Structure formats: C-alpha cells, structure tokens
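Report on the structure given below.
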Amino acid sequence: AALGIELQNIQQVPQPGGEIEMGTATGLSFAIAKMKLDNQSARSAPLSSLEPIIGRRLDGILGHDFISQFAIRIDYANKSITFYSPDGFEYKGTGEIIPVNVLEREPFILAEIVPVGSQKGVPGKFKIDTGSFGSLGLNKNFLDDNDLVKKGQARLAVTGEAGGGPTTGFAFRIKAFKIGKSLIPNMVIGATTESGGFEERNDAGTLGAEILTKYNVTLDYVRGRMILEKRKDVFDAPIEFDMSGLQVRADADTLRRYFIDSVLPDSPGAECELQKGDEILKLDLQPASELKLHQIWRSLRGPENKSLKLQIKRGDLIFEKTLTLRVLI
C-alpha cells in the first residue's frame, strides 16, 4: 500500500493459523545489492502480526519462486548470502550433498528422527524452511502415525504464531535427528496439533533454522540438492527449550519494549509469580531497550542453574525477581 502497488485477484487464502487476505502484484523489479531482477511477481500478505514475535520489522518474505532462480549460499558464520547464476555455479567444497525433491513449489529432504528409548530411526519427508526459528516442527499426522512420543514421556504445551494466526502444539525431546551422515543428539523439537487445518499434511514437518545454522548451507534447487558444511564451532551446541517458562514478545510499535505473553505452570517464571502482561525493564542490570528479542530468548534458554535478575513493571509497580533456570522437559 505504501508503494502504491495495485493488487489483483484479492481473495481469502487458507494459511497455517487461519485465512488471510492475499493479492497478486506483477511487473515488479527487485534489487539486492548490485543484482536487479525485472518483471517479477509477488503476493501480498499481512505480515505485521509476526513482527512482535520475531522482534524486527518484516516488509516481505523471499519465497521458493525467488530462491529457485539461483544457487544460494547462506553463510551463517559471517551473516551473508551469496547468489550465484545456476548455469555457471560449480560447488568445490567438502560439504555433504543432500538430495532435494521439490513438490508443488516446496523443497523437501529425507531425514530420520530417533525417538527416546529407541535404537531405530523413523524416516520422514521434511520441508526446508530457512525462515522458521525452530529446530523441527512436526505435523500431527506424522506424529500420530509413528508413535514418536512414548507413554509417560514429558511434553510441554506451547503456542505459536503463523501467517494466519495462532497455533497450538507441544514440545518434547527426541534421542537424535539424522540428516545425511550427521547425527544431532538429545534435542527438543515441536509438534503442531492445531494450525487452521495445516497440522495435517502428507509430509513429516518443517526443518528450521535452529538446525540449519549448525551448517553453512547452499541451496541449489536447479540441481535438486542442498549442501551442508558443518560449523565446527557451533555444531555440538545443544538444542534446548526455554528454561524460564516465560514466553516473551516485543511491543508492536517500537519492538524495543518486551512483555511476558505467557507463563508455563510449575516453571521458574511461575514460581517467581510473574504474570502475562508484565514488562521486562532490565535483564541482569542491562536495560531491555538495549537488547534485541533474540538476545532475551537466548538468555532464557540456559545454561541450567544460571540465575537471571529481572526488573519488572506491572502497572505502576516496579520490582525485581531472580530466576534460576532449569530444564523443563
């Protein structure tokens, strides 16, 4: 709207979380660094509801139709992306090549989940999603069909936010995840039980950035492959769940004020009597306004037994609480 772009074919489109209004714009030009692409098309979507969740402005998403025009190297270590012409691209590194199958404009790989208490992996078809914060997000049908959560196994109810609205699910621990020759042990993953109908799909779920950032990643969909180069400095870092029991999001206006959105029962946050709507003013004496949302998340993820001093504002009252983090699942 701000650019004065005229939309066509406006309609309500089902998305994870619910329906949203989407339209199509054609004849656009995109410029990234020195690269310019003409005669491109785009879909419109209301993305502002995601901004408090990710803690930054979001003007758009580069999707599969854009990505598939190139060979793309994502260098997470140096925070850079390199675009290569697919015709002239030749990979000369030592990374592992993972076959990619593109189905209905979505890229999938085959990988395995090893459940707790099992020696055998369960194979599944996982969609590559570089924009997903999580490690793995399983679909309900794959979860139910393969008995991945054993009777009596701990799980934590969690809520999420997708393009179409809120989602519900739970987090649980698996023994390992195998992708290619790599084995990532003892990690916490998520499963979606309600997502506006999108929790029931034919694939296993989503492979997100929490796993992908353990590598430098090359996406070469023209040749049907993804290439993974292990980052030795971070590959063995554990994938854990939040250890505070607090779900924190930014305010929509400034994205520099942070509020508690929910508190898990029987968690350090609940034991400190923190409440939904409390504002975090300071984290370990540092003003929260000087932090980004992902820095707050990282602090709340551990390590176990770490103590965090929070300055909290509730209405006109300002007080301090000390959280001692612990594994919740």
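General remarks:
- Checking every residue in the range 167-184 against the condition of being within 18 Å of the chain's Cα centre (by Cα) and surrounded by fewer than 16 Cβ atoms within 10 Å (Cβ to Cβ) gives at least one match.
- Qualifying residue in the range 134-150 (condition: in contact with a Pro (Cβ under 7 Å, 6 or more places away or on another chain) and closer than 24 Å to residue 246 by Cα): no
- Hits in the range 270-280 - residues which are of a type in the set (Gly, Ala, Ser) and touching a helix residue (DSSP H, G or I) at 6+ places or on another chain (Cβ under 9 Å): none
- Residue 113 open to solvent by 80 Å² or more (accessible area, probe 1.4 Å) and in contact (Cβ under 8 Å) with a residue 60 or more places away in the chain: no
- Residue count for the range 90-101, restricted to those that are surrounded by 14 or more Cβ atoms within 10 Å (Cβ to Cβ) and not in a loop (DSSP other than H, G, I, E, B): 3
- For the range 116-136, the set of residues classified as among the acidic types (Asp, Glu) and either open to solvent by less than 20 Å² (accessible area, probe 1.4 Å) or more than 17 Å from residue 228 (Cα to Cα) (or both) is empty.
- Check on residue 159, surrounded by 17 or more Cβ atoms within 10 Å (Cβ to Cβ) and part of a strand (DSSP E or B): no
- Criterion (free of Cβ contacts under 8 Å to residues at least 40 places away in the same chain and open to solvent by 40 Å² or more (accessible area, probe 1.4 Å)) met by exactly one of 291, 281: 281
- Inclusion of residue 209 among residues that are crowded, with 20+ Cβ neighbours inside 10 Å and among the small types (Gly, Ala, Ser) is not warranted.
The values are calculated or read from the model by the stated rules, or taken from the named source; none is laboratory data. Note that the structure is a prediction, hence the values are computed from the model and not measured. Glycine gets a Cβ as well: all are built from the backbone with ideal geometry, and neighbour counts include every protein chain shown. The protein model used for the area step is the full one, side chains on, heavy atoms only, and it has no ligands, DNA or RNA in it. Shrake-Rupley method; radii C 1.70, N 1.55, O 1.52, S 1.80 Å.
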